[in-house]
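Encoded as structure tokens, the structure appears first; notes follow it.
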Amino acid sequence: MSPKHTAIIVILLISAAGLTTLFSHSERIKPNRPFSQFPLELGPWLGVSSQMDEKVYNILGVEDYIMANFSKGPGQAVNIYVGFYQSQSKGDLIHSPKNCMPGAGWNIVQSSVIPIDLPKSGKTIKIARLLLNKDGQKQVVYYWFHSRGRIISSEYMQKIWLVLDSITKNRTDGSFVRLIAPVIKNETETEVLLTQFADEVYPTLNQFIPN
């Protein structure tokens with residue numbers, strides 16, 4: 001289904017049901033497992049979890065999350081953040097890095113959607129990629145919306161599917177997955193590292209995020 005056709009369907013459904021009604025009675029879904037049980041050993045990767053600032057936690061409005069730094073050797077580190085929203089019906093919408101990163105002083109140099117292969121899961125998914133720069137330091141960000149059985153790389157389509165699923169599934173829960181790695185040598189090597197970690201962590205994500 002093309003974005004144009006999806007948008008038309010959403011407009012028709014909203015006109016029939018009313019946006020307030022759509023979001024007022026959504027079922028509150030819980031993670032399959034609490035993220036406090038997220039493993040800190042994934043194949044060759046070893047992780048150290050961390051806690052976000054309480055003020056940031058309240059602003060984000062997440063019900064559960066994991067934030068950790070994983071490494072499999074010198075110069076091979078990836079930061080992961082997964083935020084789970086039980087309901088997005090009362091203004092607690094998933095925040096996009098395109099809004100948050102500039103607020104933290106990072107300039108978005110490049111923004112694109114790319115496919116990555118996940119051999120361990122036997123699939124290829126499309127994710128959003130950002131190249132960031134701050135005072136000469138570069139980072140590559142991979143992120144996607146892991147919501148209600150879908151992998152979504154577009155903020156626009158995330159909002160459309162949120163409305164559709166609130167109607168057809170009575171659900172507005174959702175998760176956001178973000179991977180960040182600093183550029184040590186070049187962007188290509190950093191992307192290879194991020195893709196390797198994504199391949200390792202993806203099966204574990206499905207143990208926590210409900211379909």
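The values are calculated or read from the model by the stated rules, or taken from the named source; none is laboratory data. Just so you know, these numbers come straight off a predicted model, no measurement behind them. Cβ: placed from backbone, ideal geometry, glycine included. Neighbour counts: every protein chain shown.
Can you tell me how many residues within the range 126-150 are within 15 Å of the chain's Cα centre (by Cα), crowded, with 17+ Cβ neighbours inside 10 Å and not basic (Lys, Arg)?
Of the residues in that region, 11 qualify.
Glu200: modelled with pLDDT of 95 or more and either surrounded by 13 or more Cβ atoms within 10 Å (Cβ to Cβ) or touching a Ser or Thr at 6+ places or on another chain (Cβ under 9 Å) (or both), yes or no?
On the way: modelled with pLDDT of 95 or more: yes; either surrounded by 13 or more Cβ atoms within 10 Å (Cβ to Cβ) or touching a Ser or Thr at 6+ places or on another chain (Cβ under 9 Å) (or both): yes.
Yes.
In the range 169-194, what count of residues is obtained for those that are touching a residue at least 12 places away in the same chain (Cβ under 8 Å), assigned to a helix (DSSP H, G or I) and surrounded by fewer than 18 Cβ atoms within 10 Å (Cβ to Cβ)?
Of the residues in that region, 1 qualify.
Have a look at Gly91, Gly18 and point out the one that is at pLDDT below 70 and either surrounded by 13 or more Cβ atoms within 10 Å (Cβ to Cβ) or within 19 Å of Tyr156 (Cα to Cα) (or both).
On the way: Gly18 fails: either surrounded by 13 or more Cβ atoms within 10 Å (Cβ to Cβ) or within 19 Å of Tyr156 (Cα to Cα) (or both).
Criteria check complete, one pass: Gly91.
Can you tell me which residue is farthest from Leu40 (Cα to Cα) among those in the range 197-211 that are assigned to a helix (DSSP H, G or I) and aliphatic (A, V, I, L, M)? It would help to see each step written out before you state the result.
Restricting attention to the range 197-211, the residues satisfying the condition of being assigned to a helix (DSSP H, G or I) are 197-208.
Right, trim to aliphatic (A, V, I, L, M) and you get 198, 201, 205.
Numbers: Ala198: 14, Val201: 10, Leu205: 13 Å.
Looking at the filtered set, the residue picked out is Ala198.
It is to be established whether one or more residues within the range 118-128 are without any contact (Cβ under 8 Å) to a residue 40 or more places away in the chain, out of contact with any Ser or Thr (no Cβ under 8 Å at 6 or more places or on another chain) and not in a strand (DSSP E or B).
Checked against the condition, which is being without any contact (Cβ under 8 Å) to a residue 40 or more places away in the chain, out of contact with any Ser or Thr (no Cβ under 8 Å at 6 or more places or on another chain) and not in a strand (DSSP E or B), the range 118-128 yields at least one hit.
When you scan the range 34-54, do you find a residue that is crowded, with 17+ Cβ neighbours inside 10 Å, out of contact with any His (no Cβ under 7 Å at 6 or more places or on another chain) and at pLDDT below 90, even just one?
Residues of the range 34-54 crowded, with 17+ Cβ neighbours inside 10 Å: 35, 38, 42, 45, 47.
Among the residues that remain, those that are also out of contact with any His (no Cβ under 7 Å at 6 or more places or on another chain) are: 35, 38, 42, 45, 47.
In the following step, the residues that additionally are at pLDDT below 90 were identified as none.
No, the conditions are met nowhere in the range 34-54.
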